[in-house]
Amino acid sequence: MDSVEAEGNSIDEAIDGALRLLGVTRDRVEIEILNNAVRGLFGIGGRKARVRATLRVPIDADRPAPTPEVQRETAPGPPPRELAADDRRGIERARQVLESILRHLEVQAEVNVRNVEDDVLFDLTGDSSGVLIGRRGQMLDALEYLLNRVAARDESGSARIVVDSENYRARRREALEELARRMGEQAKKKRKSVTLNPMSPRDRRIVHLILQQDTALVTKSSGKGYFRKLIIIPAEMVRSRREPAASE
């Protein structure tokens, strides 16, 4: 079985169901989002999220050994920068606060702290319930905001904390990129704008960035507050509004 479809009350729940059917981890599959979840009125007319998960071909399958030139080109980049003393104090304070929060939530999870390029990753492992991720990553976002405020308190450090759990950030990014491409193709095919469900600033940025590569599309945010809708618009619609009518 190389591909399965699964449903859930959310995209993440549907993906988890597909992974259980295949018996693999998230990094072993490609995810195609078939339907977003839609809430019904008084429980009537709703629709569950549906995804298709397809097993990936192993990266090293039938691949020849790299030549010395390729090895040099793919060598790892420079190591993460060393943290300043102010950064280290702030990071340690944030770690202690996070561990205290976990104790109060009665969540059995381990906090692994490491440098990733210019950021400091707080990687939470062992949370089988997913409570630290929350709906669409909202719990992770809230923790990340709090810990960055704690780390920067009364200090001049500049290190940015990123909070992740069970590789959720990468899985969410991949799902959003797939959604962006699919909805972008739909907008071009139908020659009409497509409005996505409200998203956090982090998620909107991912969609904006992936669709910036397509000159046939334009994106913009709509609404107020933290969660705003993102609209995908065919570029030809924007140009037609700007061009004056041709004189006879």
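Only the coordinates and a few stated rules stand behind these numbers; no lab work does. This one's a predicted model, so the numbers in the text were calculated from it and none came from an experiment. Virtual Cβ from ideal backbone geometry, glycine too; neighbours counted across all protein chains shown.
Suppose we keep only residues that are hydroxyl-bearing (Ser, Thr, Tyr) and touching a strand residue (DSSP E or B) at 6+ places or on another chain (Cβ under 7 Å) within segment 192-239. Which one would you say is farthest from residue 145 (Cα to Cα)? Checking each candidate, the answer is 193.
Every residue in segment 21-36 that is in contact (Cβ under 8 Å) with a residue 12 or more places away in the chain, surrounded by fewer than 17 Cβ atoms within 10 Å (Cβ to Cβ) and over 22 Å from residue 181 (Cα atoms), please. Within segment 21-36, 21, 24 qualify. In segment 185-241, the qualifying residues are those that are part of a helix (DSSP H, G or I) and small (Gly, Ala, Ser), and the one that is surrounded by the fewest Cβ atoms within 10 Å (Cβ to Cβ) is 240.
Among residues of segment 94-119 that are within 17 Å of residue 133 (Cβ to Cβ), those with a Cβ under 7 angstrom from a residue that is surrounded by 10 or more Cβ atoms within 10 Å (Cβ to Cβ) and among the charged types (D, E, K, R), sequence gap 6+ or separate chain, pair up as 107/127; 109/127; 111/95; 111/99; 112/123.
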